[in-house]
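Enquirer: Pasting a structure below so you can have a look.
Derivation of every value follows stated rules applied to the coordinates shown; laboratory data play no part. All values reported here derive from a predicted model rather than from experimental measurement. Note that each Cβ is placed from the backbone with ideal geometry, even for glycine, and that neighbours are counted across all protein chains shown.
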Amino acid sequence: MMEFRPLKEATEAELVRLAQERNQDAFAELMQRNASTSFRLALSILKNRQEAEDEVQTSFLKAWVSLPLFKAESKFSTWFRTIVHNQSLMSLRKSRRATLTSLDEPDEDGRTRELAGPEPGPEVEFSQNQLRGQLNTEVQRLPALLREVLVLRDLRQIPAEEAAAHLGISEPALKSRLNRARSALRDRMERHTGRSPGASA
C-alpha cells in the first residue's frame, strides 16, 4: 500500500496502479522516469530531435489512453518502449525525408554511409502540465456526448455510479460510452498527428 508516500518514492508498479485509476500525477511521474530513455530510443530511429520529441509525446498520449488495457505481467517501461519504437518506425515510414539505409550499404559513389550519432543535449522533460494541456486539447475536440463521459470518469475521476446518475444512464451504458470515448480519443490523436492506427499499445 502506498498510503501517503510521495509519488517520487513509489515503485513503478504502484504508479501504474494509480495511473490506471486515472491519477494524472502518477502518470506524470511515470512520464518523467521514462522521458530520457524513450527520447534516446526515438532519436536513434528518427535522427531528428524535434521529430523524436513529437513521437515520444504522441506515445505518452497513446499510453495514457491505452493504460487501462496494460497487463502487469510486463514492466511499464518495457511496454512503453515498445510503443515508442513502433511509433517512431511508423513516423519513419511516413516521412518522405527519411530513408532506412544500412550503414554497410555503399552510396552511389561506392562509399560506405556513416550516420552521426545522437548529439548530446538537454534531456526532454514532460511535465504534468504538458500532459494535462495535451489531453485537454484532444478531449475538447471530441463530440460532446463522448467528451462528457471522458471528463467525468478519466479527468475528474468521478465514481462510475455517480457519473452514470449525472448522465442519466445505467452503469453498463456508461462503461460502453466510456470505451467509445477512449477509442475516439485514440483515433482523433492519430488523425491529428497524421499517423494511421496500428501502433502497438
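Enquirer: Taking neighbour counts of Cβ atoms within 10 Å as a proxy for exposure, in what order, fewest first, do Ile83, Ile169 appear?
Expert: Working: Ile83 21, Ile169 15.
Taking fewest neighbouring Cβ atoms as first place, the list is Ile169, Ile83.
Enquirer: Of the listed peptides 23-34, 56-67, what is their order by residue-averaged count of other C-beta atoms within 10 Å, with the highest listed first? Could the numbers behind the result be given before it?
Expert: Working: 23-34: 19.6, 56-67: 22.9.
Packing proxy ranking, top to bottom: 56-67, 23-34.
Enquirer: Taking the simple approach of a point 7 Å from Cα along Cα-to-Cβ for both Ser183 and Glu14, what is their distance in nm?
Expert: Roughly 3.6 nm, to one decimal.
Enquirer: Which order do the peptides 38-45, 173-180 come out in when sorted by mean C-beta neighbours inside 10 angstrom, highest first? Walk me through the numbers on the way to the answer.
Expert: Working: 38-45: 21.5, 173-180: 16.0.
Ranking the peptides 38-45, 173-180 by packing returns 38-45, 173-180.
Enquirer: Follow-up question, since we're still on this one. Please enumerate, by chain and number, the lysines with C-alpha under 27 Å from the C-alpha of Lys8, excluding those fewer than 8 residues away in the same chain.
Expert: Once the sequence-local lysines are set aside, what remains near Lys8 is Lys62, Lys71, Lys75.
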